[in-house]
1. Return the residues of the range 84-108 that are in contact with a Leu (Cβ under 7 Å, 6 or more places away or on another chain) and over 17 Å from Met165 (Cα atoms); say none if nothing qualifies.
2. Do we have any residue at all in the range 180-188 that's in a loop (DSSP other than H, G, I, E, B), modelled with pLDDT under 90 and not small (Gly, Ala, Ser)?
3. Do we find that Gln171 is touching an Asp or Glu at 6+ places or on another chain (Cβ under 8 Å), assigned to a helix (DSSP H, G or I), surrounded by 13 or more Cβ atoms within 10 Å (Cβ to Cβ) and among the polar types (S, T, N, Q) in this structure?
4. Taking the range 138-150 as the search range and keeping residues that are in a helix (DSSP H, G or I) and touching a residue at least 12 places away in the same chain (Cβ under 8 Å), which one is surrounded by the most Cβ atoms within 10 Å (Cβ to Cβ)?
Amino acid sequence: MNEKFYELPPEKQQRIINAGLEVFGAHDYPQASTDDITAKAEISKGLLFYYFKNKKEFYLFLFDYCCEFFRSQVVTEDFIKITDFFDLMEYAARIKYSIILQYPYMMNFVMKAYYSRREEVSEAMKTRIASTLGEIYTVYFKNIDFSRFKPNVDPQQLLQMLTWMAEGYIQDKLRQSETLNIDELMQDFHTWQEMFRKIAYKEEDNEDDAQS
């Protein structure tokens with residue numbers, strides 16, 4: 001799929017992608033105009049639909065592109081070596097926040113896509129998100145020592161809670177038009193996860209962490 005698009009010079013590919021992220025990130029799907037996208041990308045509307053069958057296909061392509069981009073930035077040799085759930089979350093969060101600062105349109109787009117409801121793309125997004133979350137848990141966390149968790153704690157639910165908190169925090173900062181400060185973000189994220197660590201881990205494991 002999209003073979004013709006990938007035959008374009010990289011600079012032109014990026015211009016089209018950035019235009020899509022900017023417009024879809026600023027508007028809900030129905031209000032996002034392909035005329036605005038093509039104007040920002042400096043291409044004709046016919047050319048956009050030559051590379052992508054329609055608006056929906058382009059939107060889903062952008063979501064897949066963002067997922068792959070985050071994956072390539074996060075999953076490194078250092079990432080794979082981490083065995084503690086909370087250390088891994090903090091490592092991934094720092095990289096994610098640094099990406100947000102460099103590519104603000106990407107963050108806006110992903111957040112709107114993630115919470116899409118009753119739109120033409122919503123059902124397709126629901127399937128993609130479920131698949132992505134499943135991959136995060138089974139692939140990204142495959143080296144994590146889950147024996148440290150209390151029996152009544154579900155790590156997958158904990159992952160979702162931390163994700164919601166982090167995304168809500170960022171959106172609140174952006175609504176207040178505050179400049180995102182990665183050190184401040186990470187300090188707050190560290191505080192949350194230390195609180196959850198005490199709740200989620202067995203007492204002896206928390207004692208080991210305190211002594212190390």
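The values are calculated or read from the model by the stated rules, or taken from the named source; none is laboratory data. Computed from a predicted model, the values in this text were never measured in an experiment. Here the Cβ is made from the backbone with ideal geometry for all residues, glycine too, and neighbour counts use every protein chain on show.
1. Leu101, Tyr105, Met106
2. Yes; the residues of the range 180-188 include at least one that is in a loop (DSSP other than H, G, I, E, B), modelled with pLDDT under 90 and not small (Gly, Ala, Ser).
3. no
4. Arg148
Okay, residues lined up against (1) part of a loop (DSSP other than H, G, I, E, B); (2) without any contact (Cβ under 8 Å) to a residue 60 or more places away in the chain; (3) of a type outside the set (A, V, I, L, M, F, W, C):
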site: Arg94; (1), (2), (3): no, no, yes
site: Ile100; (1), (2), (3): no, no, no
site: Phe109; (1), (2), (3): no, no, no
site: Lys112; (1), (2), (3): no, no, yes
site: Glu119; (1), (2), (3): yes, no, yes
site: Met125; (1), (2), (3): no, no, no
site: Asn152; (1), (2), (3): yes, yes, yes
site: Gln156; (1), (2), (3): no, yes, yes
site: Thr163; (1), (2), (3): no, yes, yes
